[in-house]
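To keep things clear, I will list the structure first and then write my remarks on it.
The values are calculated or read from the model by the stated rules, or taken from the named source; none is laboratory data. Predicted, not measured: the structure shown is a model, and the values here were computed from it. Glycine also receives a Cβ, built like all others from the backbone with ideal geometry; neighbour counts cover every protein chain displayed.
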Amino acid sequence: MASWSVFAAEAPELAARVRAAFDANKHKTLATLRRDGAPRISGIEAIFAGDDVWLGSMWQARKAQDLLRDPRFALHSATVDPGDDPASWPGESKVSGRVEVVTDPDRFQSVVGEGDPAGMHLFRCDLREVVHTGLNEQVDKMVIQLWRPGEAVRLFER
């Protein structure tokens, strides 16, 4: 099990870059698996609080039902179009893994604050993979940084 804080301790520079990508915009894209195994993508707001990344959902929303049935997920930061200057592109980030359903009211309140736990679902993200994609300094190749728990950050250029 890898929390955000475990990731940040193992790969602090990558964690800062990934966090900046997620913080740049309010809305993210969540991928879950439907009952038949087909992918579903949904808009979502992620919460970075304490040691973890958290996902909230309206009660019985399809994405929540997917996660309750199959805890695998992928979360993608918003992608910002650089316009005419490719060097201005900040890149994009993805985290994936499994979620843990939060049912404890005290834990719910510590993450969400005000709100009715009966009116929503809350999930804690167990990170299995973190990826940041950007451009190299010459702006002529993609640079992909990949982290998995207990492993060094791997770098790919394409």
(request) With the condition kept exactly as written, say whether any residue in the stretch 102-123 is of a type in the set (Phe, Trp, Tyr) and in a loop (DSSP other than H, G, I, E, B). (result) no
(message) Between Glu92, Glu100, which is acidic (Asp, Glu) and touching a Phe, Trp or Tyr at 6+ places or on another chain (Cβ under 8 Å)?
(response) Glu100
(request) For the stretch 3-30, enumerate the residues that are within 21 Å of Ile44 (Cα to Cα), among the aliphatic types (A, V, I, L, M) and outside any helix (DSSP H, G or I). (result) Ala24, Leu30
(message) Against the conditions (1) surrounded by fewer than 20 Cβ atoms within 10 Å (Cβ to Cβ); (2) out of contact with any Cys (no Cβ under 9 Å at 6 or more places or on another chain); (3) under 29 Å from Asp36 (Cα atoms), where does Glu100 fall short? Just the number, please.
(response) (2)
(request) Looking at (1) farther than 20 Å from Val131 by Cβ; (2) in contact with a helix residue (DSSP H, G or I) (Cβ under 6 Å, 6 or more places away or on another chain), find the lone condition where Lys63 falls short. (result) (2)
(request) Could you please find all residues in the stretch 27-45 being acidic (Asp, Glu) and either touching a Cys at 6+ places or on another chain (Cβ under 6 Å) or over 10 Å from Leu55 (Cβ atoms) (or both)? (result) Asp36
(request) Name, by its number, the condition in (1) within 17 Å of Leu67 (Cβ to Cβ); (2) at pLDDT 95 or above that does not hold for Val112. (result) (2)
(request) Would you tally the residues in the stretch 58-96 being without any contact (Cβ under 8 Å) to a residue 60 or more places away in the chain and aromatic (Phe, Trp, Tyr)? (result) 2
(request) Being under 25 Å from Ser77 (Cα atoms) and among the basic types (Lys, Arg) is the filter; apply it to the stretch 103-138 and report the residue that is surrounded by the fewest Cβ atoms within 10 Å (Cβ to Cβ). (result) Arg128
